[in-house]
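Heads up, the thing below is written out as structure tokens.
The values are calculated or read from the model by the stated rules, or taken from the named source; none is laboratory data. The shown structure was predicted, so the numbers you read here are calculated from the model rather than taken from an experiment. Positions of Cβ are backbone-derived with ideal geometry, glycine not excepted, and every protein chain shown enters the neighbour counts.
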Amino acid sequence: MQIINSKLKEKALKILYKDKILNCAMINLLNDNKISEIEIYKNCVAIKQNRSEGWVHLSANDINELKDFIPFIKNEKYFAATNTEFVNIIANNKKIIWQENCYKLAYLENKAFTIKKYPPLTISNTNIVNDFWPYKSEYSLDYVKTRIKDGESVGYFIGDKLISWIITQDDGAMGFFHTLKSYRRKGYGEKITKYLINKLIENKKIPFVYVIIKNKNSLSLTQKLNFKIIGKVSWFELS
């Protein structure tokens, strides 16, 4: 892959904006300058995040073009939010070490909810968010801190106690969603999710979320809020 520059970025965005809903995550990463490397072949675009894990995001709309594109990304190991139908094509003859499949859902109504305002998180909330994140790792504390500092976040507090929260990931997806166990089924999570949707609409962003396919509760909540499934995507690692 090539080191990104303004000319390649502009070319990639022109391709991705042909389907700005499906490609909203990659568009956000490019517009927010969170990409270190890029590769383009016809209408195929691959971008690598400038994070220690080096996640690669890929967009393609033609299987034959994608097959021709594989040699350009043959050395990459970690892929994020990639069309599930592309996984075996990208893997080619490599072993898939692990794979997690999700629905990608987007809120497409561009209509704000009537809901009161809730406060954002602060850096002091970093540890509790990280501790309850299912993807906690050696890298995650710094990442959570960055997302609280630079992303959009909403918290539900009782007194000074944070009991429910949601934050945008670096690709703009709504994530980190969690409510402390003893405070569930009281509507707190739904309230802060609605308010984050409002904030994203106000900032002219497409509210979207990834939901693990087996997570029926999260899928039910997002669909209750009129999110629509726009595809199935996978995170995976190759040998």
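Assorted remarks:
- Only residues that are surrounded by 15 or more Cβ atoms within 10 Å (Cβ to Cβ) and either of a type in the set (A, V, I, L, M, F, W, C) or assigned to a helix (DSSP H, G or I) (or both) were counted in the range 141-156, giving 7.
- Among the helices (runs of 4 or more DSSP H) confined to the range 12-110, the ones with at least 1 residues that are closer than 29 Å to Leu225 by Cα are located at 24-31.
- Test result for Ile63, modelled with pLDDT under 95, β-branched (Val, Ile, Thr) and surrounded by fewer than 19 Cβ atoms within 10 Å (Cβ to Cβ): yes
- In the range 184-239, the residues that are charged (D, E, K, R), farther than 18 Å from Ala25 by Cβ and assigned to a helix (DSSP H, G or I): Glu190, Lys191, Lys194, Glu202, Lys216, Lys224
- Taking first residues from the range 122-139 that are part of a loop (DSSP other than H, G, I, E, B) and partners that are among the polar types (S, T, N, Q), the Cβ contacts under 7 Å between residues at least 6 apart in sequence or on separate chains come to Trp133/Ser140; Lys136/Asn130; Tyr139/Ser52.
- Sole exception among (1) outside any loop (DSSP other than H, G, I, E, B); (2) surrounded by 19 or more Cβ atoms within 10 Å (Cβ to Cβ); (3) modelled with pLDDT of 95 or more for Gly172, by number: (1)
- Counting residues in the range 70-78 that are surrounded by 15 or more Cβ atoms within 10 Å (Cβ to Cβ), touching a strand residue (DSSP E or B) at 6+ places or on another chain (Cβ under 6 Å) and under 20 Å from Ile15 (Cα atoms) gives one or more.
- Some residue of the range 134-143 being closer than 29 Å to Asn226 by Cα and hydrophobic (A, V, I, L, M, F, W, C): no
Condition check ((1) at pLDDT 95 or above; (2) over 24 Å from Met174 (Cβ atoms)) across all residues:
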position: Glu10; (1), (2): yes, yes
position: Leu13; (1), (2): yes, no
position: Tyr17; (1), (2): yes, no
position: Met26; (1), (2): yes, no
position: Asp32; (1), (2): no, no
position: Glu39; (1), (2): yes, yes
position: Ile47; (1), (2): yes, no
position: Trp55; (1), (2): no, no
position: Leu58; (1), (2): yes, no
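- Residues in the range 33-49 that are polar (S, T, N, Q) and either surrounded by 15 or more Cβ atoms within 10 Å (Cβ to Cβ) or touching a helix residue (DSSP H, G or I) at 6+ places or on another chain (Cβ under 6 Å) (or both): Asn43, Gln49.
- Residue in the range 141-158 that is of a type in the set (Ser, Thr, Tyr), more than 17 Å from Asp32 (Cβ to Cβ) and at pLDDT below 95 present: no
- Neighbours by Cβ (under 7 Å, 6+ apart or cross-chain): first from the range 41-55, assigned by TED's automatic domain parsing to the domain that holds Asp171; second surrounded by fewer than 21 Cβ atoms within 10 Å (Cβ to Cβ) and in a strand (DSSP E or B): none
- Odd one out for Tyr118, checked against (1) more than 21 Å from Thr222 (Cβ to Cβ); (2) of a type in the set (Phe, Trp, Tyr); (3) not in a helix (DSSP H, G or I): (1)
- The range 186-239 - residue that is touching a residue at least 40 places away in the same chain (Cβ under 8 Å) and acidic (Asp, Glu) and, of those, nearest to Lys104 (Cα to Cα): Glu237
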